[in-house]
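Right, one structure below, let's go through it.
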Amino acid sequence: MKKVFIIGLGIGSASYMHKRAEEAIISCDCLIGAKRMLSGFMDLNKEIYESSKVEGICEYIGESSFQSYGVLVSGDSGFYSLSKKVTERLKENKEIQIENIPAISSLQYFTSKLNLPWDDIKYVSAHGRIPNIISNVIFNKKTFILTGGELEPGHICEMLTHKGLGHLRVSVGERLSYEEERIIEDTASEIAKMKF
């Protein structure tokens, strides 16, 4: 039976990756993930398969002969992660045992930096989808938006401003956990003028 660890690497900086994730990475015969996920582990002398596509990852695991695999994903493996689709697909194969290893998500990290609890936050993602930003903001006291593609913070705040919500207080975090981390808090109308 093959063992597949789907490993959340956390917020970004390796200093936020926990011990269980490190142990799983060290124990694997093969590491799989996007180039930036794999870059910190090239010196471990593991077989490497570079991919962030569900089909490619699952086919590779099914066709290769290693006993253990570590699929590296950003953030928490249970929070808008590649893990969801990989897990669903691999579950179809009864010869594969799956273990998801969670990590610190961008939501957890960001709210800790803002000194806010996150148990009452509505969270939405713009990664590969277009959420209804205005509706989510209007109907929720706090909304966390994972930005992506054209929906960057300035664009989102421009949309809010055009809908008469330019007065709302907005916090934006970029490059979270890295040395060049930047967190800005201002009104939506002011943030609409900024680049991230």
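The values are calculated or read from the model by the stated rules, or taken from the named source; none is laboratory data. The shown structure was predicted, so the numbers you read here are calculated from the model rather than taken from an experiment. Counting neighbours? That spans all protein chains shown, and the Cβs are built from the backbone with ideal geometry, glycine included. The area values use the complete protein model at the heavy-atom level, side chains included, leaving out ligands, DNA and RNA. Shrake-Rupley method; radii C 1.70, N 1.55, O 1.52, S 1.80 Å.
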I'm trying to understand the selection: among the residues of the stretch 63-95, which are small (G, A, S), under 20 Å from the mean Cα position of the chain (by Cα) and either open to solvent by less than 20 Å² (accessible area, probe 1.4 Å) or closer than 17 Å to K46 by Cα (or both)? G70, G75, S77, S83
When you look at L107, is it closer than 26 Å to E185 by Cβ and open to solvent by 20 Å² or more (accessible area, probe 1.4 Å), yes or no? no
Give the residues of the stretch 113-141 that are over 21 Å from D76 (Cβ atoms) and in a helix (DSSP H, G or I), sorted by residue number. I133, I134, S135, V137, I138
For the stretch 50-74, which residues satisfy the criterion of being free of Cβ contacts under 8 Å to residues at least 24 places away in the same chain and aromatic (F, W, Y)? none
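Conditions (1) at pLDDT below 95; (2) over 20 Å from the mean Cα position of the chain (by Cα); (3) under 29 Å from A21 (Cβ atoms), marked per residue:
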site	(1), (2), (3)
I104	yes, no, yes
V124	yes, no, yes
H155	yes, yes, no
H162	no, yes, no
L176	yes, no, yes
I57 vs. criteria in contact with a Phe, Trp or Tyr (Cβ under 7 Å, 6 or more places away or on another chain), open to solvent by less than 30 Å² (accessible area, probe 1.4 Å), at pLDDT 90 or above and not in a loop (DSSP other than H, G, I, E, B): no
Output yes when any residue across the stretch 39-51 is touching a strand residue (DSSP E or B) at 6+ places or on another chain (Cβ under 6 Å), farther than 23 Å from S125 by Cα and exposed (fewer than 14 other Cβ atoms within 10 Å of the Cβ), and no when none is. yes
Could you say whether any residue in the stretch 11-26 is assigned to a strand (DSSP E or B), open to solvent by less than 40 Å² (accessible area, probe 1.4 Å) and touching a Ser or Thr at 6+ places or on another chain (Cβ under 7 Å)? no
Checking the condition part of a loop (DSSP other than H, G, I, E, B), more than 30 Å from G56 (Cα to Cα) and not basic (K, R), which residue from F79, F196, F144 passes? F196
